[in-house]
Amino acid sequence: MKYFGTDGIRGEVTKDITHNLAFDCGNALCAIKKTPKIVIGKDSRLSKDYLSLAFSLGVIYGGGSVDDVGVCTSGGVAYLAKDYDYGVMISASHNPPNHNGIKIFLPSSEKFGEENEEILESILGKHIVGNPFGQYKQMGKLAYEKFLENSPSLDGLKIVLDCCYGASCKIAPKVFKNLGATIKVINKHFNGNKINVNCGATNVLGLKENVLNFGADLGLAFDGDGDRVIAVDELGNIVDGDKILYVLAKDLKIQNRLENNLVVGTILTNRGISSSLDKDDITLIEANVGDKYVYKKMKDLGASIGGEKAGHIILKDKLKTGDGILTGLALAGVIKKSKLKLSQLSDVELFCQCEANIKTDKKNEILANKQLCDFVEDLKKSNSQTKIILRKSGTENLIRVMVEDKDKLSAQKIANLISEKIKKLLGGICAE
């Protein structure tokens with residue numbers, strides 16, 4: 001597909017994603033379903049109104065109606081979609097401030113799905129004219145807040161929230177406070193220039209410092225649209241999505257709510273997680289990277305929980321997409337209920353993972369290069385105990401390299417060799 005990646009449409013604003021594209025996407029939904037009712041939300045980026053209003057105009061022009069809930073998390077839009085034909089989130093999630101994107105949810109709270117994405121792309125620009133035109137109005141999101149607050153009390157817990165200057169800024173502190181937690185909030189104001197910049201789920205250094213200084217039981221870092229969460233335990237250790245998945249899966253098992261004793265991770269899930277789950281007779285199944293692929297595997301196999309190292313966790317019984325606030329509430333609830341420290345709950349021996357990102361707009365060409373394929377295949381044969389994953393980013397112009405091994409130096413060496421090979425190939429292409 002030309003526009004849709006692993007999580008909706010993403011790109012640099014006015015370069016990759018424009019008001020014309022947003023208008024066409026909104027209008028195309030009116031071709032898929034006549035006079036649709038759509039709820040739309042956005043994160044705090046400066047381009048939020050530029051794109052959300054263009055999308056809404058496309059819907060209205062096609063005869064559909066739009067309820068705009070303003071700045072809201074992706075999980076919030078997914079939840080509210082139950083009363084609509086579609087939920088639409090204007091966000092680039094964890095990407096830089098000058099990027100933005102479009103995510104579409106179904107009334108079930110599931111992502112739009114590849115089949116629907118292909119249909120939508122095929123009709124972009126074939127404008128539907130409503131007769132009459134549709135309507136637009138602004139509305140609140142209280143129903144989503146009530147949904148989140150239908151969680152066990154967190155009275156007695158001290159929690160630091162890093163709201164990343166993004167969509168979680170107003171909702172998360174309110175919900176955790178109303179549930180009884182003593183909270184400290186950092187990066188707590190909407191700021192389109194600072195969203196995801198050295199904060200939130202992609203950079204927890206500030207959160208770690210605040211957790212230790214505050215004497216907190218845990219810290220939770222959300223990304224720009226709040227669909228990811230990375231935790232920090234009371235000792236300042238990072239508890240990533242893999243470890244969160246482990247803690248929540250074990251708790252579901254104790255409650256006899258772990259459907260089929262299955263957990264869905266991805267090809268990047270640390271082998272230490274699957275080994276530890278095995279000890280509790282829990283089977284981890286790998287999906288491709290991207291929470292829509294995780295959910296599809298969950299749905300196909302009958303699993304109640306799945307997620308990614310990056311912090312997308314899907315609790316299927318509650319919501320069929322990732323929601324960082326919901327996941328954070330569940331994690332805090334396990335700490336409260338078990339009376340154990342997060343460092344104890346997440347005590348898993350992990351393999352060493354080394355990662356590298358190489359920026360290029362020639363992702364497909366490089367990954368299909370025979371020299372690179374042969375080079376990586378030889379490395380796999382000579383390092384049979386090492387996991388080597390090369391993939392193109394579905395949200396940025398990056399080739400991502402991940403190498404997993406019990407020995408960190410070995411993993412780093414192999415990651416460096418692959419990175420150098422890719423850069424050398426890129427140099428050759430650019431020189432032609």
*Filter the range 48-106 for residues that are touching a Pro at 6+ places or on another chain (Cβ under 6 Å) and surrounded by fewer than 20 Cβ atoms within 10 Å (Cβ to Cβ) and give the result.*
82, 85
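Scan the range 208-239 residue by residue and report those that are among the basic types (Lys, Arg) and buried (at least 24 other Cβ atoms within 10 Å of the Cβ). Lay out the reasoning, then the answer.
We begin by selecting, within the range 208-239, every residue among the basic types (Lys, Arg); these are 208, 228.
Correct list: 228 only.
Report, by residue number, each residue of the range 263-292 that is aliphatic (A, V, I, L, M) and outside any helix (DSSP H, G or I). It would help to see each step written out before you state the result.
First, the residues of the range 263-292 that are aliphatic (A, V, I, L, M): 263-264, 267-268, 273, 277, 282, 284-285, 287, 289.
Passing the criteria: 263, 264, 267, 268, 282, 284, 285, 287, 289.
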*Under the condition of being touching a residue at least 60 places away in the same chain (Cβ under 8 Å) and in a strand (DSSP E or B), which residue from the range 227-262 is nearest to residue 103 (Cα to Cα)?*
229
_Lone qualifier among 158, 137, 177 - being within 23 Å of residue 315 (Cβ to Cβ) and either surrounded by fewer than 17 Cβ atoms within 10 Å (Cβ to Cβ) or assigned by TED's automatic domain parsing to the domain that holds residue 327 (or both)_ = 177
*Does the range 53-70 contain any residue that is touching a Lys or Arg at 6+ places or on another chain (Cβ under 8 Å) and hydrophobic (A, V, I, L, M, F, W, C)?*
yes
_Identity of the residue in the range 370-393, among the polar types (S, T, N, Q) and under 29 Å from residue 1 (Cα atoms), that ends up surrounded by the fewest Cβ atoms within 10 Å (Cβ to Cβ)_ = 371
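Rundown of residues vs (1) assigned by TED's automatic domain parsing to the domain that holds residue 168; (2) out of contact with any helix residue (DSSP H, G or I) (no Cβ under 6 Å at 6 or more places or on another chain); (3) in a helix (DSSP H, G or I), yes/no style:
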position	(1), (2), (3)
10	no, yes, no
22	no, no, yes
30	no, yes, yes
35	no, yes, no
*So residue 76 clears everything in (1) of a type outside the set (A, V, I, L, M, F, W, C); (2) part of a strand (DSSP E or B); (3) under 20 Å from the mean Cα position of the chain (by Cα) except one condition, right? Which one?*
(2)
*State the number of residues belonging to the range 293-344 that are under 11 Å from residue 227 (Cβ atoms) and assigned to a helix (DSSP H, G or I).*
4
*Which of the residues belonging to the range 394-432 are without any contact (Cβ under 8 Å) to a residue 60 or more places away in the chain, surrounded by fewer than 18 Cβ atoms within 10 Å (Cβ to Cβ) and touching a helix residue (DSSP H, G or I) at 6+ places or on another chain (Cβ under 8 Å)?*
397, 398, 417
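Could you tell me whether the range 141-149 includes any residue that is among the aromatic types (Phe, Trp, Tyr), in contact (Cβ under 8 Å) with a residue 40 or more places away in the chain and part of a loop (DSSP other than H, G, I, E, B)? Explain how you work it out, then say what you get.
As a first pass, look at the range 141-149 and keep what is among the aromatic types (Phe, Trp, Tyr): 144, 147.
With in contact (Cβ under 8 Å) with a residue 40 or more places away in the chain added as a condition, the list becomes 144, 147.
Subsequent filtering for residues that are part of a loop (DSSP other than H, G, I, E, B) retains none.
No - not one qualifying residue is present in the range 141-149.
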*Filtered residues of the range 393-416 (kept if in a loop (DSSP other than H, G, I, E, B) and out of contact with any Gly (no Cβ under 6 Å at 6 or more places or on another chain))*: 393, 396, 397, 406, 407
*Pairs, please: C-beta under 6 Å, at least 6 apart or cross-chain, first residue under 19 Å from residue 276 (Cβ atoms) and in the range 323-352, second of a type in the set (Asp, Glu) and in a helix (DSSP H, G or I)?*
334/251
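Is it fair to say residue 323 is more than 30 Å from residue 163 (Cβ to Cβ), touching a helix residue (DSSP H, G or I) at 6+ places or on another chain (Cβ under 6 Å), of a type in the set (D, E, K, R) and surrounded by 19 or more Cβ atoms within 10 Å (Cβ to Cβ)?
Numbers: more than 30 Å from residue 163 (Cβ to Cβ): no; touching a helix residue (DSSP H, G or I) at 6+ places or on another chain (Cβ under 6 Å): yes; of a type in the set (D, E, K, R): yes; surrounded by 19 or more Cβ atoms within 10 Å (Cβ to Cβ): yes.
Considered against the rule, which asks whether it is more than 30 Å from residue 163 (Cβ to Cβ), touching a helix residue (DSSP H, G or I) at 6+ places or on another chain (Cβ under 6 Å), of a type in the set (D, E, K, R) and surrounded by 19 or more Cβ atoms within 10 Å (Cβ to Cβ), residue 323 comes out as no.
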_Residues (over 16 Å from the mean Cα position of the chain (by Cα) and either closer than 24 Å to residue 401 by Cβ or basic (Lys, Arg) (or both)) located in the range 240-274_ = 250, 253, 257, 270, 271, 272, 273, 274
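The values are calculated or read from the model by the stated rules, or taken from the named source; none is laboratory data. In this text, all values refer to a predicted model and were calculated from it rather than measured experimentally. With ideal geometry, Cβ positions are generated from the backbone for all residues, glycine too; neighbour counts draw on all protein chains shown.
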